[in-house]
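Have a look at the structure below before the remarks.
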Amino acid sequence: MADSEIKAKVKELICSNLGVEPDVLDYDTELFGEDSIGLDSVDSLEIISFVDDEYGVDMTGVGKEHFLNIDSIAAYISEHKDN
């Protein structure tokens, strides 16, 4: 599966399940923290669950650098999905 497909699926999850408007969410938009779109730890659990269910990749306990934006989540999935 190409990175672009992964990014599109993660964006779709964030928009449909976490209530973020698609027009404010780019692949490099910060998801968590001070200058972000305002997701919180509960939202991160939703993302972790989705990634595990969809790709079989466990992101529990993964460093926050892998949750910066959709690009970093997709890169982590790509790196670990075949392991």
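The values are calculated or read from the model by the stated rules, or taken from the named source; none is laboratory data. None of the values given here were measured: they were computed from a predicted structure. Because the Cβ atoms are built from the backbone with ideal geometry, glycine has one as well, and the counts that use them run over all protein chains shown.
Overview of values
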{"item": "Positions within the stretch 13-35 being hydrophobic (A, V, I, L, M, F, W, C) and in contact with a helix residue (DSSP H, G or I) (Cβ under 9 Å, 6 or more places away or on another chain), in sequence order", "result": "LEU13, ILE14, CYS15, LEU18, VAL20, LEU25, LEU31, PHE32"}
{"item": "Residues satisfying the stated conditions in the stretch 18-34, i.e. part of a helix (DSSP H, G or I) and more than 17 Å from PHE50 (Cα to Cα)", "result": "PRO22, ASP23, VAL24"}
{"item": "Test: residue in the stretch 2-17 that is of a type in the set (D, E, K, R) and assigned to a loop (DSSP other than H, G, I, E, B)", "result": "no"}
{"item": "Considering residues of the stretch 36-83 that are more than 17 Å from LYS9 (Cα to Cα), out of contact with any helix residue (DSSP H, G or I) (no Cβ under 7 Å at 6 or more places or on another chain) and not in a loop (DSSP other than H, G, I, E, B) only, the residue modelled with the highest pLDDT", "result": "VAL42"}
{"item": "Selection from the stretch 3-42 of residues that are among the aliphatic types (A, V, I, L, M), surrounded by 10 or more Cβ atoms within 10 Å (Cβ to Cβ) and without any contact (Cβ under 8 Å) to a residue 60 or more places away in the chain", "result": "ALA8, LEU13, ILE14, LEU18, VAL20, LEU25, LEU31, ILE37, LEU39"}
{"item": "Every residue from the stretch 5-35 that is small (Gly, Ala, Ser) and at pLDDT 95 or above", "result": "ALA8, SER16"}
